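Novice: One structure, pasted below without further comment.
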Amino acid sequence: MPKIKTSPRFKKSFTKLPPEIQVKVIKALSLLAENPRHLSLRAKPVHGIVGVFEARVDVSYRMTYEPLPGDALFLRSVGKHDETLGNP
């Protein structure tokens, strides 16, 4: 199970999300910690950014992360789909 590390930007973005989306992010993080390839996350590389991946929170929200050495994941950003992927 990978260790999860969060950026200050991820933490700040998370606190600004509506409470119902925060719950969904926590669920997605749980799935990510169990298995970064879990099908419901629909994880895939961010187009044009080497080493950064996106995971689905719900239809409108995404989070980005990058794998780190030593079985760790660094959470970079979370928010609305286009905003998050525009600045992963």
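Novice: Please enumerate the residues belonging to the stretch 40-53 that are within 10 Å of the chain's Cα centre (by Cα) and part of a strand (DSSP E or B).
Specialist: Within the stretch 40-53, just Phe53 meets the criteria.
Novice: For Ile4, indicate whether it is more than 18 Å from Leu85 (Cα to Cα) and hydrophobic (A, V, I, L, M, F, W, C).
Specialist: Criteria met by Ile4.
Novice: Does the stretch 24-31 include one or more residues that are in contact with a His (Cβ under 7 Å, 6 or more places away or on another chain) and either part of a helix (DSSP H, G or I) or exposed (fewer than 11 other Cβ atoms within 10 Å of the Cβ) (or both)?
Specialist: Looking for residues that are in contact with a His (Cβ under 7 Å, 6 or more places away or on another chain) and either part of a helix (DSSP H, G or I) or exposed (fewer than 11 other Cβ atoms within 10 Å of the Cβ) (or both), one finds at least one in the stretch 24-31, hence yes.
Novice: In addition: For the stretch 54-84, what are the residues that are within 8 Å of the chain's Cα centre (by Cα) and either outside any loop (DSSP other than H, G, I, E, B) or on the phi > 0 side of the Ramachandran plot (or both)?
Specialist: Glu54, Ala55, Arg56, Arg62, Met63, Thr64, Tyr65, Leu75, Arg76, Ser77, Val78
Novice: For residues in the stretch 61-76 being of a type in the set (D, E, K, R) and in contact (Cβ under 8 Å) with a residue 40 or more places away in the chain, which is farthest from Lys3 (Cα to Cα)?
Specialist: Top of the filtered list is Arg76.
Novice: Among the residues of the stretch 33-56, which ones are touching a helix residue (DSSP H, G or I) at 6+ places or on another chain (Cβ under 9 Å) and over 17 Å from Pro88 (Cα atoms)?
Specialist: Asn35, His38, Ser40
Novice: Check His81 against each of (1) touching a Pro at 6+ places or on another chain (Cβ under 9 Å); (2) modelled with pLDDT under 95 and name the one condition it does not meet.
Specialist: (1)
The values are calculated or read from the model by the stated rules, or taken from the named source; none is laboratory data. Computed from a predicted structure; not experimentally measured. With ideal geometry, Cβ positions are generated from the backbone for all residues, glycine too; neighbour counts draw on all protein chains shown.
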